[in-house]
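Working notes, structure below.
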Amino acid sequence: MVVDKPAAMTSARVVARVKALLKAEKVGHTGTLDPFATGVLVCCTNQATRLAQFLMPGRKCYEAVMRLGIRTDTQDLTGQVISKDPGFSVAHQQVRSVFRDFSKIKEQVPPAFSALKHRGVPLYKLARRGAFVKKAARPISIYELEVLDIDLPDVHFKVSCSQGTYVRTLCADMGDAIGCGAHLVQLSRTESGGFTLKEAISLSTLKEMALAGNVADCITPMSRALRAIPEVNAGPALAQRIRCGKPITKADLGQPKDIAPMWIKVTDQEGQLIAVFSGNEKNGVYPYACVFPNQES
C-alpha cells in the first residue's frame, strides 16, 4: 500500500493508523520521512513486511524547497537558527552552478540530528543534549539534481538519489558552497521503491475505503510489488518444490547462463508470489531470500 504521508505526522504514526484501519497483524514501512515531510510512504502489511528489504534500497525521488541565507542546527525548518545572512547576494547562475557540482557528489556526512547511532544511542538524542557527534562520510548516489524554480531566498528543486541520502544535508552543504548557508523548508517524496505519488492515497481516503469495506482495492499484491525484480512463473511441480524449500538451480528457473540479477522472484500459475531468491548462486544453487508457503494475505 502506498500512502501519501501528511505533514506534521511521524512515519510511525502513519503506520499505526494504517494498521488500525486495515485491522492488520503487522505493518511496516520502507523508509522514514521526517514529520514535516509529505509524500510516498510505502507500507507493507502482514506477510508483505518481509518484502521491505527489497524495496528499501531502491531509488528515492523528492521535490524540495531550500531557503538560502539561514542555517539551522537540524538543517531544516524544525531546528534552531544558528546563523543568518539577510544581506546575501547571489546570482541565479551561481545557484545553478552549485547544483551541477553537487549532482556529481559520491559521499555525504550524515547530520547530527539523525537516527544513526553512536555507541547504541541515536545521534538526535545526543544532539538534543548538546553532544554533536560527527559521523564519517558515507557513499551515496545522486542520479538527478535539477533546479525547478528560483525565487530568492527560496530554491525549488527535485532530486533523485540513493537510500541513505539526506536532502536536508544536501541543502545545508549547497548553501555553504554558495556562501550564505541554507536549510530545507519543504520536502515531498514523489517516488520510492518504484511507487509514485500518483499511486498514493491519503489517510482520509483510506479511512473511507475501510468503512466501505473496499481496502483490498488499494493494496498492491505481493507479486506486483517488486517491480524491478525479474520474474519467473513456476508450474505446479516447481512451485511445490519451492514451497517446501527444496534446492533450486538456474536450470530449474530457466535462467540464461550469462545473466545474474541481484534477485529473482517466482510466482505460481495463479500469479501468487511464492519466493524471492538471491541471484548470487552458491554451488549451483540459488539461496532463498524469503519463501511464502501459504497464499498471500
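Some observations on this one:
- Counting only helices (runs of 4 or more DSSP H) that sit completely within the stretch 199-280, those holding 2 or more residues that are surrounded by 14 or more Cβ atoms within 10 Å (Cβ to Cβ) and modelled with pLDDT under 90 correspond to 250-253.
- Scanning the stretch 146-178 for residues being more than 17 Å from Q75 (Cβ to Cβ) and modelled with pLDDT of 95 or more gives a total of 11.
- Some residue of the stretch 127-142 being in contact with a strand residue (DSSP E or B) (Cβ under 9 Å, 6 or more places away or on another chain), at pLDDT 95 or above, hydroxyl-bearing (S, T, Y) and not in a strand (DSSP E or B): yes
- Selection count, the stretch 69-101, where residues are surrounded by 17 or more Cβ atoms within 10 Å (Cβ to Cβ) and part of a helix (DSSP H, G or I): 3
- Qualifying residue in the stretch 187-198 (condition: basic (K, R), out of contact with any strand residue (DSSP E or B) (no Cβ under 8 Å at 6 or more places or on another chain) and not in a loop (DSSP other than H, G, I, E, B)): yes
- Residues satisfying the stated conditions in the stretch 137-189, i.e. under 20 Å from S97 (Cβ atoms) and of a type in the set (F, W, Y): Y143, F157
- Test: residue in the stretch 88-107 that is under 30 Å from A289 (Cβ atoms), of a type outside the set (S, T, Y) and under 23 Å from the mean Cα position of the chain (by Cα): yes
- For L116, the conditions (1) touching a residue at least 24 places away in the same chain (Cβ under 8 Å); (2) within 30 Å of I229 (Cβ to Cβ); (3) not aromatic (F, W, Y) are fulfilled apart from (1).
- Filtering T205, T190, T249 for residues that are within 19 Å of the chain's Cα centre (by Cα) and not hydrophobic (A, V, I, L, M, F, W, C) leaves a single hit, T190.
- The numbered conditions (1) touching a residue at least 40 places away in the same chain (Cβ under 8 Å); (2) not assigned by TED's automatic domain parsing to the domain that holds N280 are all true for L211 except (1).
- The listed residues are F157, F195, and the only one of them that is aromatic (F, W, Y) and farther than 30 Å from L68 by Cβ turns out to be F195.
- Single match in A24, A20 (criterion: part of a helix (DSSP H, G or I), assigned by TED's automatic domain parsing to the domain that holds T205 and under 21 Å from A200 (Cα atoms)): A20
- Restricting L253, L226, L238 to those that are within 27 Å of E191 (Cα to Cα) and not charged (D, E, K, R) reduces the list to L226.
The values are calculated or read from the model by the stated rules, or taken from the named source; none is laboratory data. Worth saying up front: this structure is predicted, and the values here are computed from it rather than measured. FYI the Cβ positions are ideal-geometry reconstructions off the backbone, even for glycines, and counts take in every protein chain you see.
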